1. Which one is modelled with the lowest pLDDT among residues in segment 60-82 that are over 15 Å from the mean Cα position of the chain (by Cα) and assigned to a helix (DSSP H, G or I)?
2. Based on what the data block shows, is residue 154 more than 13 Å from residue 87 (Cβ to Cβ), surrounded by 13 or more Cβ atoms within 10 Å (Cβ to Cβ) and either modelled with pLDDT of 95 or more or not assigned by TED's automatic domain parsing to the domain that holds residue 92 (or both)?
3. For the subset of segment 125-145 comprising residues that are part of a helix (DSSP H, G or I) and touching a helix residue (DSSP H, G or I) at 6+ places or on another chain (Cβ under 7 Å), which member is nearest to residue 67 (Cα to Cα)?
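The values are calculated or read from the model by the stated rules, or taken from the named source; none is laboratory data. Being a predicted model, the structure only gives us computed values, none of them experimental. So basically every Cβ, Gly included, is an ideal-geometry build from the backbone, and we count neighbours across all protein chains shown.
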């Protein structure tokens, strides 16, 4: 069998697209398959056109995780409940190490939750690679739901413990026969 384009040369394979025999000069291996020069050119042009169409549909470049070089999308400048309520736990999950300033006496506990609430989205976008803006918003929504849920659970637990302790104190006073009023 001889090359389709060079009839004087022995074929080194067959193109998977057009089934023409090809010599070593005309043979192109791509992803473990053999193509002729013209078929691989068509295939690569179609692949490049598809990539251009996909890029234009998906919008601007995703710069998340690029640190200070990242361009923060306009829709992310809102309040971050996860950062506000879960501070350092949220910080670990989002690679925002500034959140550990919450452990600085006085300053941290009083100020850092507010800073994370206002700057959390920006810092999380710049510190971690996200698939898209939608993915980022979904993850931050989950953090917010966990933060709200944990805050409610802890509040109910504290109220329950306070009521139990108050009830035990009243019961102890009544049992001793002392008057406390």
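1. By that ranking, first place goes to 75.
2. no
3. 126
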